[in-house]
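This report refers to the structure that appears directly beneath it.
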Amino acid sequence: MNGVETDLARFACATCRRQKRKCTRELPACQLCLKNRRQCEYPDDTPPGQQTENRSDSAPTVSSQRVFPALFFLDSYTFKQRYTAVDLAPISLPSEFMQLVEQGDLQVSQIIDNFFNSVHQFFPIVSKRWLSQHISTTGYRSSDFITLLHCMHALVPNSPSQPSPQVQVPNHRSLADAAYDKAKRCFQFVESRGIISVRLLQAALLLSLYEVSNAIYPPAFLTVGHCARLGQAMGIHDRRNVAQMFPVLMSWTAMEEIRRVWWGVIIMDRFANLGIRGRPFACDDARPEDLLPMDETLWDLGEQTVVPSLAVSSDTDLPAPAFARTCQAAHLLSRVLSHINSPVDPVNDCVTSRYSEALQLHQILSSFHLALRQEVAMDDPSAFAAYSSAIGISYSALIALCDNYTCADLDDPSAVGIPEQLRMQKTSLNSLHEIGTSVWEFASCFGTLQGEESNHTVASPFAADCLYAAATQYLWYIQETGKTELNAAVDDMKTALNFIGRTWAVGNEYLAILEGREL
């Protein structure tokens, strides 16, 4: 029209070819991609120099544009006056991230099936029903879904790009990290384009699970905090009182999924704070009236039935499904860590009330353990795998609580010798002996998972901390008393950590610490 010849790509862009749309083939981006505000990618056989030169000369290109409306964060009041919810335009992913779904339905189905048969058993935050419906209606087009799929791929044991879990890998930075590295890059790319969604938060949670489970620090600690900020940005941390970024979903399955996602954030954050004390939580604790997750089987099927809803304030001795137990354990761990980390003000604080709180926490945790012992058949591999997270986290909480009160030298000087202090110290010392015996029994139960790897049944990485903590208590006790016959307990805990280490490198890391090896 203006007499200037426009540079055209030789072939249609990847998005138009995939959607079977007519492509205008302009460089650096075709009209359809510009209109939809998405990245435009041409195949590598574009005439040499044209694609790169034109893209580099354009400032900014469509690939650097953001699709999220900044108004939501700059002035949320004005945003609510103009819009009802955030509406994000789709983006295109680079070819390296699309390869996972372009390999065919069989590859994708294998990743999804293996994920739900393994990780989903102890960390069920993704709706199996939603995933199936999304694939059947939308396919693999959405960038947040593909990111989630990459994160599943990183976690799935014995997937095509990962070694068998029966092969012990001495270092977590192994070949298995190739899928993780790609998942991390995919997540960062999608997020940098302004995409935010529940699916992206689920992907971030799975990334944090991979990092915590494989002792990849400091990324693990930072990713968990990032998950909290994503949830807070969307408003799912307080769906009653905070304006939601996206429309309120009326589906029971979707609402239950969002509840599970936020509980997943709390679980990951509290567990990440176990070994590094004195740090603030990335998110607030659950309120007493907040509901716990429902039964996993019913949720996976999308069947809503009339069953008693359990809240955070419900008695811990009431029967509950596996993931609800994990959430309860994380809530108790949160209370213990808050109690331990809170400084004592000798002027304004009542010293006796602190010991009363500690005794109350001990009683609640003891009741919780009693309920779990009555509820879980430890010799059933599937039941043990599902409940081992709750058992492990609650043991970690109890050990942390008791260890804080075993030595009077570490107590407040003004409280040493008062009846409450002596009672808590005696309770802690006696409990550590009992906990040691219980964790020893817990460690021996990992033998039930032997031979279950072929079914993708895996041990929960959340169990590793309590095994390590109990083993260190035993080693200290053996050194002090000379009771070498208790080395059998330490050996069984090392064996359990070694079993966890077949899938999750954090087991090998704890084992190396116990054996005094270099990390």
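The values are calculated or read from the model by the stated rules, or taken from the named source; none is laboratory data. Just so you know, these numbers come straight off a predicted model, no measurement behind them. Positions of Cβ are generated from backbone atoms using ideal geometry, with glycine treated the same way; all protein chains shown enter the neighbour counts. The accessibility values were calculated without ligands, DNA or RNA, using every heavy atom of the protein model including side chains. Shrake-Rupley method; radii C 1.70, N 1.55, O 1.52, S 1.80 Å.
Points worth noting:
- For segment 195-299, with all protein chains in place and a probe radius of 1.4 Å, 61% of the accessible heavy-atom surface sits on carbon or sulfur.
- Per-residue accessible area (protein heavy atoms, 1.4 Å probe) orders 491, 379, 269, 290 as 379, 491, 290, 269, starting from the largest.
- Accessible surface computed residue by residue for segment 74-119, with neighbouring protein chains in place and a 1.4 Å probe, gives 57 Å² per residue.
- Here the label points at residue 375 and residue 279, each 7 Å from Cα along the C-beta direction, are separated by 2.9 nm in the simple model.
- Debye intensity ratio I(q)/I(0), log10, segment 182-232, q values 0.20, 0.27 Å⁻¹ (C-alpha model): -0.63, -1.09
- Computed P(r) (all Cα pairs; segment 200-351; 5 Å bins; percent): 2, 9, 17, 19, 20, 16, 10, 5, 2, 1, 0, 0
- When the C-alpha to C-alpha distance is required to be over 27 Å, the pairs from 22/128; 128/184; 128/182 that qualify are 22/128.
- Remark: segment 458-519 carries 42 Å² of accessible area per residue (probe radius 1.4 Å; ligands, DNA and RNA excluded).
- Summary of packing: across the peptides 222-231, 478-487, 293-302, 323-332, the per-residue average of other C-beta atoms within 10 Å ranks them, highest first, as 323-332, 222-231, 293-302, 478-487.
- Average accessible surface area per residue within segment 177-312, 1.4 Å rolling probe, Å²: 40 Å²
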